[in-house]
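We did not get these values from a lab; they are worked out from the coordinates using the rules stated. Just so it is clear, the structure is predicted and the values come from calculations on it, not from any experiment. Cβ: placed from backbone, ideal geometry, glycine included. Neighbour counts: every protein chain shown.
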Amino acid sequence: MYKKIIIIIIFLSSNLIAAEEYFLTLRYNEVNLRQGPSKEYPIKIFYTKKYLPVLIQDRADNFRKIRDHENNSGWIHISQLSKKKAAITIDKNILLFKSPTQYSKPIAILEEGKLCLITKCKGDWCKIKVNNFKGWVQKKSLWGRL
């Protein structure tokens, strides 16, 4: 009786862990988003942005079901994904600050949809690199792998 209960608990907990969503980024400049979890399925979207963050929602063999910042979803082979930290700005006219506080010197204004590489995060702030600028933005203005 106890063995059955333990097996059921292990089975249920492993399903809950696998169901969690998490972020990864695109490994290459050219990545195919497919309609299904196999190379036999047609290409739905052709991504051309290295380090674009995607939300992993499901898995099937070596493929991961993803959703991007524009709510496009489909399947990508795991070899095309990376754990590099990156995010997309989701608010308009975000200020990039020199230090992780609103009272520090503003460095630049970022447009909505700007791809940022994440250096580190501290509290509610993340240090990012965008083009030739480095600075801090609030986490709430970012969507991606922080």
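List the pairs from Lys44/Lys85; Lys44/Lys98; Lys65/Lys105 whose alpha-carbon separation is above 32 Å, in the order I gave them. Don't skip to the answer; put the middle values down first.
On the way: Lys44/Lys85 25 Å; Lys44/Lys98 40 Å; Lys65/Lys105 41 Å.
Flagged as over cut-off: Lys44/Lys98; Lys65/Lys105.
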Isolated Cys in the chain, by beta carbon distance under 4.7 Å: Cys116
Positive minus negative residues near Ile45 (Lys, Arg vs Asp, Glu; Cβ under 14 Å): +2
Scoring only Lys, Arg, Asp and Glu (+1, +1, -1, -1) among other residues with Cβ under 13 Å from the Cβ of Gly113 yields -2
Compute the relative contact order of the stretch 83-133 as a whole-number percentage, counting only Cα pairs closer than 8 Å that sit 6 or more residues apart in sequence. 35
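Can you sort Arg145, Arg64, Arg27 from fewest to most other Cβ atoms within 10 Å of each residue's own Cβ?
Values: Arg145 19, Arg64 22, Arg27 16.
The most exposed by this proxy come first: Arg27, Arg145, Arg64.
What is the chain by shape, rounded, prolate or oblate, if you read a ≥ b ≥ c off the alpha carbon gyration tensor as root eigenvalues and call it rounded for a/c under 1.5, prolate for a/b larger than b/c, and oblate otherwise?
On the way: a/c = 3.18, a/b = 1.54, b/c = 2.07.
Since a/c reaches 1.5 but b/c is at least a/b, the shape of the chain is classed as oblate.
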